[in-house]
Amino acid sequence: MNAATDLAHLTDPIVAIATAPGRGAVGIVRASGRDLSTLIAALCAKPLTPRVAHYGPILDGSGQALDQGLAIHFPAPNSYTGEDVLELQAHGGPVVLQLILARCLEAGRGIGLRLANPGEFTARAFFNDKLDLAQAEAVADLIDASTEAAARSAGRSLAGAFSREITALAECIVHLRMLVEATLDFPEEEIDFLEKAGARAQLADIRARLAAVMARARQGALLREGLRVVLAGAPNVGKSSLLNALAGAELAIVTPIAGTTRDRITETIQIHGVPIHVIDTAGLREASDEVERIGIERSWQAIADADAVLFLHDLSRADDPAAQADDAAIADALARAHAAEPLHVYNKRDLAPDHALPAGALALSAQTGDGLDALRDALLERAGAAHVPDGVFIARTRHVQALARTDDHLQLAQSHADQRDAALDLFAEELRLAHGALSEITGQFTADDLLGEIFGRFCIGK
């Protein structure tokens, strides 16, 4: 746990530079606390009308101007953190901002003002009920978004779209729990309860709504985290050439010498706004030296962790018995490794344009680019993102996992409901556990160590 989630520190006034390091036209120093009147008087020398930008000098300890800028006071509770917030907008030079920060710490010494920890402003917004946990995470996701689709989805989550879906589901579960737990107080009514209250129908409706939310959350997680795609195959089938072609840059060394690639090379590309992490690996064969052996071991580890595996074949050698034997051995090894079902891709189409392909396979030329668009479409299809709807909200792996646990408990509740002599106490317990798992997403029930991990990944000043 860090100070951002340590309740003992949540009453400390805090301050930080809120803009990115480096030079810029404008830089912001932000302070938050229960009462910042002392700080306002020291730096602005006059009261500030709430939520009005005041232009004037930002003063040092002797009353001289450090800079001319804007000062805005947001009194509690109508601020980002729910506390008093002071924003000083000055010229964006790093020296100027450090001087203003140092002056704030000096002037605020009497009220215990200290430097903010990473994510502490947003953590206070969470603890003061300005944001729920899913919205707080969306703040970081919006800052970190690498694509337009991810940014728009994070914006929807920050606006509460995801949270409203979760809250509506939770309310349905709570309503059913109330019916079940009330019935437990009257055992003679248990037998007829499921029929009279329509409990089975309510549960079926909850599960259907949960399935829809899970599908959208998986797509949102994909927009945030991307798809890990491993290029696998024998040496010299064109894995490095394909990586270079997809990335549009000469990232990997390409030579006719087998074993040129000794270690994994990763590049992130975007396909229609979806991040794709393409991993080029060492050619899979019996290693000829220790360095190559280590590289091949790392290749298998990358394959085991992949969301999708592109099994590359050399189309110009498709009829070569030696190449066929190598590919068969790799296919067996992939099956034994429990890797994702590979997508078979036949490279060097320019050398054998008329060769027949197995069903479901793709042909392309990394050299000429022919067939690359079809491969990109196939990757999106594998990712379930061929058609990402506009209403998708950003999500994280932990959200998807919490939804999956919720579904597991609802399945168990369904199994109890379907028994001839339904055990309502077990039915009620599974509903309680489902509600708890769902509530982890918005932070209603969340461990402090998880909060520390989440907010500790934020930038300082946010």
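Any residue in segment 96-106 that is surrounded by fewer than 21 Cβ atoms within 10 Å (Cβ to Cβ), under 30 Å from the mean Cα position of the chain (by Cα) and within 23 Å of residue 40 (Cα to Cα)? Within segment 96-106, none of the residues are surrounded by fewer than 21 Cβ atoms within 10 Å (Cβ to Cβ), under 30 Å from the mean Cα position of the chain (by Cα) and within 23 Å of residue 40 (Cα to Cα). Once segment 365-385 is narrowed to residues that are touching a residue at least 40 places away in the same chain (Cβ under 8 Å) and not in a helix (DSSP H, G or I), the residue that is farthest from residue 277 (Cα to Cα) is 367. Summed over segment 77-122, residues that are closer than 15 Å to residue 12 by Cα and of a type in the set (Gly, Ala, Ser) total 7. When segment 346-365 is filtered for residues that are out of contact with any strand residue (DSSP E or B) (no Cβ under 9 Å at 6 or more places or on another chain) and farther than 12 Å from residue 314 by Cα, the ones remaining, listed by number, are 354, 356, 359. Please find, among 450, 426, the residue that is assigned to a helix (DSSP H, G or I) and either modelled with pLDDT under 70 or not aliphatic (A, V, I, L, M) (or both). Being assigned to a helix (DSSP H, G or I) and either modelled with pLDDT under 70 or not aliphatic (A, V, I, L, M) (or both) holds for just one of 450, 426, which is 450.
Pairs meeting the criteria (first residue in segment 98-114 and aromatic (Phe, Trp, Tyr), second residue not in a loop (DSSP other than H, G, I, E, B), beta carbons under 9 Å, at least 6 apart or on different chains) are lacking. One residue alone among 143, 173, 191 is modelled with pLDDT under 90 and either outside the structural domain of residue 414 (by TED's automatic domain parsing) or within 31 Å of the chain's Cα centre (by Cα) (or both), and that residue is 143.
Considering segment 10-80, the qualifying strands (runs of 3 or more DSSP E), each wholly inside and each with 1 or more residues that are within 22 Å of residue 125 (Cα to Cα), at pLDDT 95 or above and touching a Lys or Arg at 6+ places or on another chain (Cβ under 8 Å), run over 14-17, 24-33, 65-74.
A single entry from 392, 400 fulfils the requirement of being modelled with pLDDT under 85 and in contact with a Lys or Arg (Cβ under 8 Å, 6 or more places away or on another chain): 392.
Scanning segment 365-383 for residues that are at pLDDT below 80 and either under 15 Å from residue 245 (Cα atoms) or surrounded by 14 or more Cβ atoms within 10 Å (Cβ to Cβ) (or both) turns up 380, 382, 383. Do we have residue 143 as touching a Phe, Trp or Tyr at 6+ places or on another chain (Cβ under 9 Å) and either closer than 30 Å to residue 392 by Cα or not in a helix (DSSP H, G or I) (or both) here? Yes.
I want to confirm something. Restricting to segment 295-328 and keeping residues that are assigned to a helix (DSSP H, G or I), more than 31 Å from the chain's Cα centre (by Cα) and under 22 Å from residue 229 (Cβ atoms), which single residue is modelled with the highest pLDDT?
Initially, segment 295-328 is screened for residues assigned to a helix (DSSP H, G or I), giving 295-305, 315-317, 321-328.
Next, from what is left, pick out any that are more than 31 Å from the chain's Cα centre (by Cα): 315-317, 321-328.
Still in the list and also under 22 Å from residue 229 (Cβ atoms): 315, 326-327.
On the way: 315: 88, 326: 82, 327: 83.
Looking at the filtered set, the residue picked out is 315.
The values are calculated or read from the model by the stated rules, or taken from the named source; none is laboratory data. It should be emphasised that the depicted structure is a prediction, and the values quoted were computed from it without experimental measurement. Note: ideal-geometry Cβ built from the backbone for every residue, glycine included; neighbour counts use all protein chains shown.
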